Amino acid sequence: MLCKKLHHAAYRCKDARETVDFYTQMLGLKFSHAMGEDHVPSTGKYSPHVHIFFEMEDGSNIAFFECPNDPGDMKDMGSPDWIQHFAFEVADVPTLLHAKTELEAKGLKVVGPTNHDDFITSIYFFDPSGHRLELTARTCHDPKRLQSFVDEAPQVLALWEKTHDWSQRETLFGGSTGYQRS
């Protein structure tokens, strides 16, 4: 396979220092790298920026750009705020519930836990730039059930393409695939 793992996904932030403080203090991520340029290396466009990285246990990163001179919002403001998000996996559901208690004690409003199709359970909250974050724990560990998700994925997509209506999902799959409807 060409792609081995996620190196990083990057979003924009309002304030690099505030972002570093949030991700290191609230989530315990490692502030692993910072770099900056006056011009975008890939395009040559003038855009003074700082690019900051936060590393997770598996070596993958999330990253942010603070670009004070550029127009635009921190995120896609036209989409519902629940769509664009980072999802971080935690060890298990007890860890997830403990994290919820800890985050709420630090003053964050946390939504959940939410069970997604007995596949994962998640909690949600926002960072200082308004990015939605998800902490999630895998709840399905049965290899046969996990394989059924893989096997049914093309059929789930085909149903969506045909109908754009999940009311027919139960007839085809017995309600057992994909994220639960909200």
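Net charge dipole, the chain: roughly 120 debye, given to the nearest 20, about the Cα centre with Cβ charges of +1 for Lys and Arg and -1 for Asp and Glu. In the chain, helices alone account for a calculated mean residue ellipticity at 222 nm of -8500 deg cm²/dmol, with every DSSP H run of four or more residues adding -39,500 (n - 2.57).
If the cut-off is a Cα-Cα distance under 28 Å, which lysines reach LYS5, setting aside same-chain residues fewer than 8 apart in sequence? Excluding near neighbours in sequence, the set is LYS14, LYS30, LYS75, LYS100, LYS144. Farthest towards the positive end of the charge dipole of region 26-182, among the residues VAL90, GLY28, HIS141, is the Cα of HIS141, using unit charges on the Cβ of Lys, Arg, Asp and Glu. Note on the chain: antiparallel DSSP beta bridges, both residues inside, total approximately 70 percent of the bridges counted. Exposed loop sites were defined as trypsin sites (Lys or Arg not before Pro) in DSSP loop states (anything but H, G, I, E or B) carrying at most 14 other C-beta atoms within 10 Å; in the chain the longest segment without such a site runs 110-180.
Each peptide among 149-155, 62-68 gets the average number of other Cβ atoms lying within 10 Å of its residues, and from highest to lowest they stand as 62-68, 149-155. Across region 156-162, rounded Karplus estimates of 3J(HN,Hα) from the backbone phi angles (6.51 cos²θ - 1.76 cosθ + 1.60, θ = phi - 60°) give 4, 4, 4, 4, 4, 4, 6 Hz, Gly and Pro being marked x. Annotation: amide H-H contacts under 5 Å for PHE88 (H modelled 1.01 Å from N, sequence separation of 5 or more, or interchain): GLU134, LEU135, THR136.
Values quoted throughout were computed directly from the atomic coordinates according to the rules given, and no laboratory measurement underlies them. Here the structure is a predicted model, which is why all the values come from computation and not from measurement. Every residue, glycine among them, receives a Cβ derived from its backbone with ideal geometry; neighbour counts consider all protein chains shown.
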